[in-house]
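Okay, structure first, notes after.
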Amino acid sequence: MLARYMISAAVVGGTGCSFQGSPAGSTTDGGSVTVQGQIVDFQTGAAVGPTDVTVSGLSPLPHVDRQGASVTLTGVAENAAFGVLAAAPMHRSTYSQVVVTASDLSDVTWPVVGEAFVTGLAAGFGAAPSPSSGTVLLHLVDATGHPASGVAALDFTVAGTSGPHFLDGAMMPAQAATASSASGWVVFFDVPPGLVGLSQGLSAATTIDMPSLPAAAGVVTIAEGRVAQGAPVLPSHVSFATQIVPIFSARGCVACHSGGGDGKDLGGLMLTGSDNLIYKQLVQDRPGIRVNLTAPERSLVLTMPSAENPPDAHPTVVFTGPRDPDYLKLLVWIREGAQQN
């Protein structure tokens, strides 16, 4: 029986691949948390070792202490999304993801996918993945975190890949399946290296919220896609004072963009003071840059805290993807004219 994992929607990267975090030496003035967990086999949930662990998406990188399958990360920046690349004998190097706030985490499990399992899936689907590509295992879940069955293949894909291929309730290849089974698991082969996201069909029957994730040659990336009925609902009439300004405190931005923080010294952006001062910093001091009314998605207030390939100089990834609720509030606020409302 497949073990269930604490895998949060976030973005990951790995040393030695093309998804490394920001350059060493960057710092933040926020607090830090400790994350404790184990490296486990994807199918059985059993602890595996010896292991090799690489953390990315954070700067400075946390201290990693490995004791067999147990891993403790200390000095993890608060309010960050980061990833762990885990490796173990007879397993593929596997990316999994964690989002932290301001509290320590324990009992986290990071899976590694068995080499035999990956090759068995490829054979079962008649696929011959290129060694220069990656593999994505996507778990479709509902709003409560339970596996989502009946999600049609016509509703989503990953561009340039072979898939979606559906696994049955026993995690075996379901060659003829055209929709997800009771397991909710889907596999994509031949995933091009780089940041990966879902492309969804014209059907509004379902919406799948999956963050932008990295893929790399010979690596398995594990993702979670939350399935909802109907088309996505965007916020509207977004208020700068009551909806935008609170984001900066809630997501840890103020700690860096104040005092002697890197955001103030390197980015020249202050997010403290009155709403008027913050609005001036975002919209008026660098018109068209931090907030881009012509191309809202290119606004630095959106791109810098998001995962990019190659990564930018922002020390941490804050938004889990283009459907992160706070990302969407900022995007809609800019689309609505970035009013000081």
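The values are calculated or read from the model by the stated rules, or taken from the named source; none is laboratory data. If you're wondering where the values come from, they're calculated on a predicted model, not measured in any experiment. Here the Cβ positions follow ideal geometry from the backbone for every residue, glycine too, while neighbour counts run over all protein chains shown. When the accessible area is computed, the model is the full protein with side chains, heavy atoms only, and any ligands, DNA or RNA have been set aside. Shrake-Rupley method; radii C 1.70, N 1.55, O 1.52, S 1.80 Å.
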Q) Against the longest principal axis of the chain, how steep is helix 325-335, in degrees 0 to 90 to the nearest 10, with axes from Cα atoms? A) 50 degrees
Q) What whole-number value in Å² describes the accessible area per residue of the chain for a 1.4 Å probe? A) 43 Å²
**Q.** the chain - convex hull of the alpha-carbon atoms, volume per residue in Å³
**A.** 128 Å³
Q) In deg cm²/dmol and to the nearest 500, what is the mean residue ellipticity at 222 nm of the chain if only DSSP H runs of at least 4 residues count, each as -39500 (n - 2.57), divided by the residue total? A) -3000 deg cm²/dmol
Q: Could I get the Rg over Rh figure for region 205-305? Both from C-alpha atoms, Rh via Kirkwood, rounded to two places.
A: 1.06
Q | Peptide ranges 121-133, 87-99 listed from the most packed, as the mean C-beta count within 10 angstrom indicates | A | 87-99, 121-133
Q: Using only Cα atoms, find the angle between the long axis of helix 115-124 and the longest principal axis of the chain, and express it within 0 to 90 degrees, rounded to the nearest 10.
A: 70 degrees
Q: Return the Cα extents of region 64-126 along principal axes one, two and three, sorted largest first, each rounded to a whole Å.
A: 45, 24, 15
Q. Percent of accessible area on the chain owned by carbon and sulfur, 1.4 Å probe?
A. 56 percent
Q. Average projected area of the Cα convex hull of region 130-241, in nm²?
A. 8.4 nm²
Q. In percent, what relative contact order does the chain have, based on Cα pairs under 8 Å that are 6 or more apart in sequence?
A. 19 percent
